[in-house]
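Colleague: The structure under discussion is supplied below as structure tokens; questions concerning it will follow.
The values are calculated or read from the model by the stated rules, or taken from the named source; none is laboratory data. Just so it is clear, the model here is predicted, and its values are computed rather than measured. Because the Cβ atoms are built from the backbone with ideal geometry, glycine has one as well, and the counts that use them run over all protein chains shown. With ligands, DNA and RNA removed, areas are computed over all heavy atoms of the protein, side chains included. Shrake-Rupley method; radii C 1.70, N 1.55, O 1.52, S 1.80 Å.
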Amino acid sequence: MPETADLSMELRFTEAYRRHYHAPIAIREAMCLREQFPSVLTAIQPGDLLAGRIQWGLVGFSPHNNPPESGYGYYCDERKIIRALEKSSVPFDQRERGFDMLHFWKKETSQALVEAAFDDRMKPYLFRDELEPLPFNYKPMVAQPIYRMAGVFVNYTKLLNLGIPGLVEELQSHQKAALDNGQDASLYEGMLIALQVFADSCQYYARHAQELADHAAEPAAKAGLQQISICLQNISCQPPETFREALQMSWLYTLMCGTLEMGRMDVYLGDFYVRDLERGILTKDDALALMRSLWRLINDQFREVDGRVIIGGRGRPNEANADRFALLAMETARTYGRAILPQLTLRFYKGMNPLLMEKATELIGEGHTYPLLYNDDVLIPSVQFAHDVPLEDAEQYVPLGCGEIVIDHMGFGTPSGALNMLKALEITLHNGRDPITGKQMGLQTGEFHDFRSFDDLWEAYKEQLRLFIEVLADHEELEYVITGKTAPYLFLSMLYDDCLPRNLGIFDGGVRYLGGSLESYGNVNAADSLTAIRQLVYDEKRFTPEQMLQALHANFEGFEHERRMMLDCPKYGNDDPDADGMLVELHNFLCNTIRDQRQRTNLHWYLDVIINNSQNTTLARWVGASADGRKAGMPMANANTPSGGSDKKGVTALLNSVVKPSPAIHAGAVQNIRFGRDLFTNQREKFDAILGTYFDKGGCQLMVTVINRGDLERALEQPEAYRDLFVRVGGFSARFVDLPRDVQVEILSRTTY
Amino acid sequence: MGIIFDVQRAALHDGPGLRTVVFLKGCPLCCVWCHNPESYSFHPQVSLNIERCRLCGACADACLWQAHIVSVGRHVINYELCDACGACIDACNYQALQIFGQQTTVDELMPEILADLDFYRASGGGVTFSGGEPMAQLYFTLALLKRCQDEGVHTCLDTSCYAPQDAFTRVLPYVDLFLIDYKATGSELHKQLTGVPNQTILSNLEYLYQENARIILRCPLVPGLNDQPDHLQAIAQLGIKYPNLQGIELMPYHNMGSGKRSRIGLPDHLSGLKTTSPDVIENWLTQIRQYGYDAIRVG
């Protein structure tokens, strides 16, 4: 039986778009939203205490690429539609219209509109002609465009305080003022329609919950569903009054506006939570149950690199209540059990309620990877400088998905390009050619043997990087320009600062700060490779450039000795002045060059991010062997963390290295670190001292993993990658990987979690 | 100038707080259970990890002294011939060979020791000189201790106490905490297990205690070798005799060092001895408490 697919929503959506093709973009979007919702909302599942699940259509509208790989804004998932049409699993009457729809969106999706607008400088480097719908990161590109408007942090506080009626009132007053002044008021009209779509969706779920309740056999389930129904009924027509209503409203709005971020949850829910506790209409256990339901929904709906819930930090109006909610959120994470999401993020500063950090350490010690720790004392001044915003706005910084920092409901900055630093170095060693495909991928800056000194190579590398940075910055700007002309993103604009008074959509000049970021990958491998080249080729003259290339081209086959020498060169992460110095020099050039792009573009900020996700692996697949000793296709180091196993001097040396690159010239860097479990169970004060010292020395962020049995098993399999794993016994000198295999196995057998 | 075989940063178990442990090479004792056998000799030594060797023979080619014997399925080092020049280590592509023992100076070591100063201060940690036997390189150890004190780094000295008393008189002002091993009771058994009698050790312990040195006594215990009741009783009695000790810690035998002996050409005579089980440790603790010393703990 072929799977069945019903394209009726997609067809209605497309029809609405075409019918309003020449209407104001706000009206066109609102009409499309009306077809999309509540059609894509899916049923309440057994156990859900909150309504709100979504199955995005194959055609639709969403800022963030929902579903994955299908683009953003007005998107069309060609692959899935073609598959459905080819397998004839769609109703017969939809087939003909289905192909028509496919053809229509080919030139009309938001991504297609941006690609069509590429200028001549972008075309050769962003591979406009060869863009494939297949996972884009399988291509050996140095610079890659990213299509999405990620990092939506709407003003939940405003949403919850005003509720739908309050928002309607505000929009109507803006609408009236605009009309009185003879201005175009279509933006407000579109927003009012969108709000009605939101209210209708609340009522849709209220009816759905009531129907489920009517059919529920068990009294407890029936009562629960009735509660969901009443809750949704209430928020559809009045501002939320209880914690439950506030949670429900913020979740449903999150889903429908298409963001994958939950923002500063303690700021917008703290007061509701504490008020209900004090009124005695909510117990802590009730609240925990609701939160765990939210946790489940987030895990079901979001992908692993998204789903931030942010708690703690400066700039929270009612800090005492927010702290109580923050503790609830951490307790939720603790009792929910290990989960990929949400990425619970704790902002902290000196003088913050110490209970929060204690609770965070408790979680980490139990083996959770959350919360991620963000140091306000370093980050607020860094954001103030890097993003060029006043202190009170910097206090509202929020890390999105993988760690790119933007400003809560005031400053938008989607990462719209990825730069492969190691690939850029590889082509620099080949006069701008990619040795794998043989294609010219960058500038002709000379062959490796033409460089008379390391400085010549360094200058050539910088020239290549500058080109890709400029192209990606221009691409980011272009993406916003086209996006702004295409749609006002109504759900975003009505809750982003300055859009309403300016009567402009978020990407069309409405938002207070419109910035952007560039994701760089392979920074550490590139720096370590440069260190090795400088030492072996130029300083010690152990190889000629040709010999170095020969070894790299052979992927070290027959050049084991040369590889050994490259591996033995100093590596970042060991508090070594040469290796760390190279990384800092590269970091400064990269971050400053990217930051300077704001002078070439209209972006308020354009900043590097050095973050965590799988692209260190996927982008590395098409990079040949590198001079740091890494073999062809093998992963690059993750974020700002040393490459696997090259930090051999222990955690203090690692952290000393990590604080060397400046945090004030980029929009976020991620540090991963792992500790043995012993440190938490028996040596807690030493763990606290390690963390405290790191943050005092200027550490901005940390993601802590406690080593568990699985890590030790992997260490047995690939000892090279686990050189940082120490066996801690008094008076004994050894690293885990140096122990005889039988002893490793025995340690493993004793370690139980 | 001195010789060391390792520096470990962020050590957790050799004194208070986070510490950098400098392992000095060379020891007048030769404890049968030693888990750092590469510390016996005062000279650099080549170590062969046979699990990593691919029998390629590159080391044999590189060796001027023909100390490497590599043949089918077999690789041994003739230590009579080896002068630890390191040529084979450069030749090996598989990290099967390494050299233990690095000549170094106080000036070379200090930057690495001082790099973690912030971590020492936050955790109440510092530097620990271990070994080997640091007292066997008295002038080097003394110079390191003085420099550390000048720089405000807390110092621990991990020693067997097998050294002349006047050597301790000299280091005493610069050591914040002594970690002293108490290995066996009865001079004959001590000699059998460690290679030296124990009178000097006991008199140095007495001397340091009377001079108000801060001391933690550490007792390596190996099932079947030195865990006799009279030794456990003697441990308890030391605790009673020296009430101002900073503590007595048992160091139950673990076999993590077991592979190291064969790698440097020493017979592995304790092979097969397992890491001490928790039951045995609990039994030791009970006995020592029964002998009247309650403050006993596991290190």
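Colleague: In nm, to one decimal, how far is the modelled label at residue B:295 from the one at residue A:220, with both set 7 Å along Cα→Cβ?
Modeller: Output for this residue pair reads 5.5 nm.
Colleague: Which percent of the accessible area of the stretch B:45-100 is formed by carbon and sulfur heavy atoms (probe 1.4 angstrom)?
Modeller: 51 percent
Colleague: Please state the charge dipole magnitude for the protein assembly as shown, taken about the Cα centre, from unit charges on C-beta atoms (+1 on K and R, -1 on D and E), reported in debye and rounded to the nearest 20.
Modeller: Dipole magnitude for the protein assembly as shown comes out near 1240 debye.
Colleague: Could you tell me which of A:446, A:199, B:275 has its Cα farthest along the dipole of the protein assembly as shown towards the positive end, charges placed at Cβ (Lys, Arg +1; Asp, Glu -1), taken about the Cα centre?
Modeller: Farthest along the dipole direction, towards plus: B:275.
Colleague: Considering every Cα-Cα pair within chain A, what fraction, in whole percent, is farther apart than 46 Å?
Modeller: On the way: 66927 of 283128 pairs.
Summing the P(r) of chain A above 46 Å gives 24 percent of all pairs.
Colleague: Still on this structure: Please report Rg (one decimal) and Dmax (integer) in Å for the Cα set of the stretch B:99-237.
Modeller: For the stretch B:99-237, the Cα-based Rg and Dmax read 16.3, 47 Å.
Colleague: Continuing with this model, one more query. So how exposed is residue B:85, as accessible area in Å² (1.4 Å probe, rounded to 10)?
Modeller: Residue B:85 exposes around 80 Å² with every protein chain in place.
Colleague: Let me ask another. How large, in Å, is the stretch A:8-128 by the Kirkwood hydrodynamic radius built from its alpha-carbon pairs?
Modeller: When all Cα pairs of the stretch A:8-128 are included, the Kirkwood radius is 15.8 Å.
Colleague: Follow-up question, since we're still on this one. Using a 1.4 Å probe on protein heavy atoms only, how many Å² of accessible area do A and B hide from each other, summed over both chains and rounded to 100?
Modeller: For chain A against chain B, roughly 3600 Å² becomes buried.
Colleague: Considering only C-alpha atoms, what is the centroid distance from the stretch B:1-27 to the stretch A:407-447, in Å?
Modeller: When both Cα centres are located, 44 Å separates them.
Colleague: List, by residue number, every residue in the stretch A:682-696 with a reduction of 20 Å² or greater in accessible area between the chain on its own and the complete protein assembly, 1.4 Å probe.
Modeller: By number: A:683, A:686, A:689, A:690, A:693.
Colleague: Additional query: Within the set of other residues whose C-beta is less than 11 Å from the C-beta of residue B:23, count the net charge using Lys and Arg as +1 and Asp and Glu as -1.
Modeller: Around residue B:23, the charge tally is -4.
Colleague: Also: Please report, in cubic angstrom per residue, the volume enclosed by the convex hull of the alpha-carbon atoms of the stretch B:45-100.
Modeller: 65 Å³
Colleague: How far apart, in nm, are the 7 Å Cα→Cβ label points at residue B:192 and residue A:596?
Modeller: Each label point is offset 7 Å from its Cα along the Cβ direction, giving 7.7 nm.
Colleague: Provide A:347, A:97, A:466, A:244 ordered by accessible surface of protein heavy atoms (probe 1.4 Å), highest first.
Modeller: A:97, A:466, A:244, A:347
Colleague: Within the stretch A:269-301, what residues put their amide N at less than 20 Å from the label point 7 Å along the Cα-to-Cβ vector of residue A:339?
Modeller: Flagged as within label range: A:269-270, A:273, A:283-301.
Colleague: Okay, moving on. Calculate the length of the line joining the C-alpha centroid of the stretch A:188-244 to that of the stretch B:80-106, in whole Å.
Modeller: Result: 74 Å between the Cα centres.
Colleague: Taking the Cα centre as origin and putting +1 on Lys and Arg beta-carbons and -1 on Asp and Glu beta-carbons, what dipole magnitude results for chain B, to the nearest 20 debye?
Modeller: With only Lys, Arg, Asp and Glu charged at Cβ, the dipole is about 360 debye.
Colleague: Report, in whole Å, the centroid distance computed from the Cα atoms of the stretch A:145-168 and the stretch A:326-369.
Modeller: First find each Cα centre; the distance between them is then 25 Å.
Colleague: Roughly how many debye, to the nearest 20, is the charge dipole of the stretch B:45-100 about its Cα centre, given +1 on each Lys and Arg Cβ, -1 on each Asp and Glu Cβ, and no other charges?
Modeller: My answer is approximately 200 debye.
Colleague: Just give the residues from the stretch B:98-145 buried by at least 10 square angstrom of accessible area in the all-chains context relative to the isolated chain, probe 1.4 Å, and say none if nothing qualifies.
Modeller: Flagged in the stretch B:98-145: B:98, B:112, B:115, B:116, B:118, B:119, B:122, B:123.
Colleague: Here is a follow-up. Just reorder B:218, A:83, B:54, B:147 by solvent-accessible area, largest first, 1.4 Å probe, all chains present. Walk me through the numbers before you get to the answer.
Modeller: On the way: B:218 5, A:83 120, B:54 160, B:147 80 Å².
In descending accessible area the options line up as B:54, A:83, B:147, B:218.
Colleague: Quick one: length gained pulling residue A:238 to residue A:179 fully straight, 0.36 nm per residue minus the C-alpha distance?
Modeller: Length difference between fully extended and current span is 18.6 nm.
Colleague: Hey, another quick one. Report the equivalent ellipsoid semi-axes for chain B in whole Å, largest first, defined as the square roots of five times the eigenvalues of the gyration tensor built from alpha carbon atoms.
Modeller: 34, 25, 17
Colleague: Restricting to DSSP H runs of at least four residues, report the calculated mean residue ellipticity at 222 nm for chain A, -39500 (n - 2.57) per run over all residues, nearest 500 deg cm²/dmol.
Modeller: -15500 deg cm²/dmol
Colleague: Arrange the residues A:113, A:373 by how much accessible surface each exposes, largest first, with a 1.4 angstrom probe.
Modeller: A:113, A:373
Colleague: Starting from the coordinates of the alpha-carbon atoms of the stretch A:539-614, obtain the Kirkwood hydrodynamic radius over all distinct pairs and give the value in Å to one decimal.
Modeller: That comes to 15.6 Å for the stretch A:539-614.
Colleague: What whole-number value in Å² describes the accessible area per residue of chain A for a 1.4 Å probe?
Modeller: Computed with neighbouring chains in place, this is 36 Å² per residue.
Colleague: Rank A:658, B:92, B:115 by how far each Cα sits towards the positive end of the charge dipole of the protein assembly as shown (+1 on Lys, Arg Cβ; -1 on Asp, Glu Cβ) and give me just the farthest.
Modeller: In the protein assembly as shown, that residue is B:92.
Colleague: To continue, here is another question. Can you give me the angle between helix A:156-180 and the longest principal axis of chain A, using Cα atoms only, in degrees from 0 to 90, rounded to the nearest 10?
Modeller: For helix A:156-180, the angle is close to 70 degrees.
Colleague: Highest mean first, what order results for A:187-198, A:578-589 on Cβ atoms within 10 Å?
Modeller: Peptide ranking by packing, descending: A:187-198, A:578-589.
Colleague: Sticking with this structure for a sec: In terms of modelled amide H atoms, which long-range or inter-chain residues lie less than 5 Å from the amide H of residue B:250?
Modeller: B:219, B:297, B:298, B:299
Colleague: Helix B:138-150 versus the longest principal axis of chain B: what is the Cα-based angle in degrees, 0 to 90, to the nearest 10?
Modeller: Once rounded, one gets 70 degrees.
Colleague: Separation between the residue A:546 and residue A:502 pseudo-spin-labels, each 7 Å from Cα along Cα→Cβ, expressed in nm?
Modeller: 5.9 nm
Colleague: Here's another thing I want to ask about it. Taking the Cα centre of chain A as the origin and placing charges on Cβ (Lys, Arg +1; Asp, Glu -1), which of A:703, A:384, A:495 is farthest toward the positive end of the dipole?
Modeller: About the Cα centre, the residue reaching furthest to the positive side is A:703.
Colleague: Could you work out what % of the accessible surface of the stretch A:10-99 is carbon and sulfur, using a 1.4 angstrom probe and leaving DNA, RNA and ligands out of the count?
Modeller: So the carbon and sulfur contribution to the accessible surface is 51 percent.
Colleague: FRET efficiency for residue B:279 and residue A:677, Cβ-Cβ distance as r, R0 = 22 Å, nearest 0.05?
Modeller: It comes to 0.50.
Colleague: Report the FRET efficiency, 1/(1 + (r/R0)^6), for residue B:170 and residue A:557, where r is their Cβ-Cβ distance and R0 is 56 Å, rounded to 0.05.
Modeller: 0.45
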